[in-house]
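Engineer: Could you have a look at this structure, given as structure tokens, before my questions?
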Amino acid sequence: MTQAQRKKAAARISAFEGWRSGNLDIDDAVKASDLSRSRFYRLAAEWRAAPSLSALGAFTGSGAAVTRLDPDAVNALQAVVSKVVRLNAGASVSQLVRLMIEQANVPEDKLPGAVRLRQIVDNELRRVAATGDAGYAVQFDCSAINLPAPNKRPYILFACIDTGTRLILGSAVAEEADADEGYRVAAADAQRRISGPLAKLPWALRLTRIELTAGIDIEKSVEMVWQLRDAGVQANVQLSRVDKRFGKYFRQVIGERIGRVAITPRRTTSGIAAPDNGDFSPWTLADAAAAVTTAVEEHNSGILRALDAEPRGGAPEDLSLALDALVRNDVETPL
């Protein structure tokens, strides 16, 4: 190996291991590795399965390519590819491409080329191979949904999402995007599910990363990070406080809808609800919560049916510590 190749190999090892340990988010890891995102996922999966020089891909370029694509078409395809891959385990790439196109309902003249379509599917397959363990990374998110309250404002969904399996570990519904209470209830629901219907999963040995979307109560959202740290949680904890944060994790991992429940992130802090068919018949909080629970159970059931993995151990200790801390919700922000 030349000096440049050794340097590239070392950088990619650091990027793969940093991402796996939770010390790097995916954007920073991709940048450090000098790879495209799809190639990063593929090589990270190969490195995880059998660490070797060939898995590093350090003897070739970044593999990145620039093509002109219709962004709306690509977004539509990206929105459905995770569900298509999850619900059609064992299907060929060509079959998955066909199903993805059908689900996305993109006009034929807007579709990217065959190579790009296969890349979208391959990217998802590699992402699943690299991060498929339950409890490896968890995201807490909140967003307005399409169910209107009596005042025509949307109800707010809080969700605890398992990144690797795309299971919704816990959920809650509230009238406002107050993260401390919403995530407390979602964490309690996650404890119930993990000890019950989700007990027999291919659990990771440890939790590496927790990501939380801040609510409208920024100070209380920051306090939650301290709760987790003071509880002894060793995983990397990140708080998302940037603009357009609401629903980001949900959209990336789950999509924009589960059953009759659709997320409407832009209405989280202001505006009226956007109910299906414009039907503003008000929902009670109890009925909205029941609708979300039903949608979550149906979503999880579909994943569990397609999950082809042997049960392994129990939930990581760090995940249990984190959920306990959020349910207690009794740690004050240090001065």
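Engineer: Residue check: is LEU96 at pLDDT 85 or above and surrounded by 13 or more Cβ atoms within 10 Å (Cβ to Cβ)?
Structural biologist: Answer is yes for this residue.
Engineer: Being out of contact with any strand residue (DSSP E or B) (no Cβ under 7 Å at 6 or more places or on another chain) and modelled with pLDDT of 95 or more is the filter here; which residues of segment 152-166 pass it?
Structural biologist: LYS152, ARG153
Engineer: Okay, moving on. For segment 1-60, which fully contained helices (runs of 4 or more DSSP H) count at least 1 residues that are modelled with pLDDT of 70 or more and farther than 21 Å from ASP133 by Cα?
Structural biologist: Ranges flagged: 3-21, 26-33, 53-56.
Engineer: A further question on this structure: For GLN238, only one of the following conditions fails: (1) polar (S, T, N, Q); (2) under 17 Å from GLY135 (Cβ atoms); (3) part of a loop (DSSP other than H, G, I, E, B). What is its number?
Structural biologist: Failed condition: (3).
Engineer: If you don't mind, another one. Yes or no: segment 215-228 includes at least one residue that is of a type outside the set (D, E, K, R), crowded, with 24+ Cβ neighbours inside 10 Å and within 24 Å of ARG257 (Cα to Cα).
Structural biologist: yes
Engineer: Considering only segment 197-214, I want to know if a residue exists there that is of a type in the set (Val, Ile, Thr), at pLDDT below 90 and in contact with a helix residue (DSSP H, G or I) (Cβ under 7 Å, 6 or more places away or on another chain).
Structural biologist: Within segment 197-214, one or more residues are of a type in the set (Val, Ile, Thr), at pLDDT below 90 and in contact with a helix residue (DSSP H, G or I) (Cβ under 7 Å, 6 or more places away or on another chain).
Engineer: Scanning for something under 25 Å from ASP25 (Cα atoms), surrounded by fewer than 18 Cβ atoms within 10 Å (Cβ to Cβ) and of a type in the set (D, E, K, R), does segment 307-316 turn up at least one residue?
Structural biologist: So far as segment 307-316 goes, no, none of its residues is under 25 Å from ASP25 (Cα atoms), surrounded by fewer than 18 Cβ atoms within 10 Å (Cβ to Cβ) and of a type in the set (D, E, K, R).
Engineer: Moving on. Can you find, within segment 115-134, the residue that is modelled with the lowest pLDDT among those that are aliphatic (A, V, I, L, M) and part of a helix (DSSP H, G or I)?
Structural biologist: Top of the filtered list is ALA130.
Engineer: Output the residue which, of all residues in segment 239-289 that are small (Gly, Ala, Ser) and closer than 19 Å to HIS299 by Cβ, is surrounded by the fewest Cβ atoms within 10 Å (Cβ to Cβ).
Structural biologist: Going through the qualifying residues, I end up with GLY259.
Engineer: Could you look through segment 114-124, keep only residues that are out of contact with any helix residue (DSSP H, G or I) (no Cβ under 6 Å at 6 or more places or on another chain) and in contact (Cβ under 8 Å) with a residue 40 or more places away in the chain, and pick out the one that is farthest from ALA76 (Cα to Cα)?
Structural biologist: ASP122
Here's the yes/no breakdown for (1) β-branched (Val, Ile, Thr); (2) within 26 Å of GLU176 (Cβ to Cβ):
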| position | (1), (2) |
| --- | --- |
| THR269 | yes, yes |
| LEU285 | no, yes |
| GLU298 | no, no |
| ALA315 | no, no |
| ASN329 | no, yes |
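Engineer: Can you list residue pairs whose Cβ atoms sit under 6 Å apart, with the first residue in segment 219-247 being at positive phi and the second being part of a strand (DSSP E or B) and surrounded by 17 or more Cβ atoms within 10 Å (Cβ to Cβ)? Count only pairs 6 or more apart in sequence or on different chains.
Structural biologist: GLY247/SER143; GLY247/ILE263
The values are calculated or read from the model by the stated rules, or taken from the named source; none is laboratory data. Everything numeric in this text was worked out from a predicted model, so none of it was measured. Using ideal geometry, Cβ is built from the backbone for each residue, glycine included, and neighbour counts are taken over all protein chains shown.
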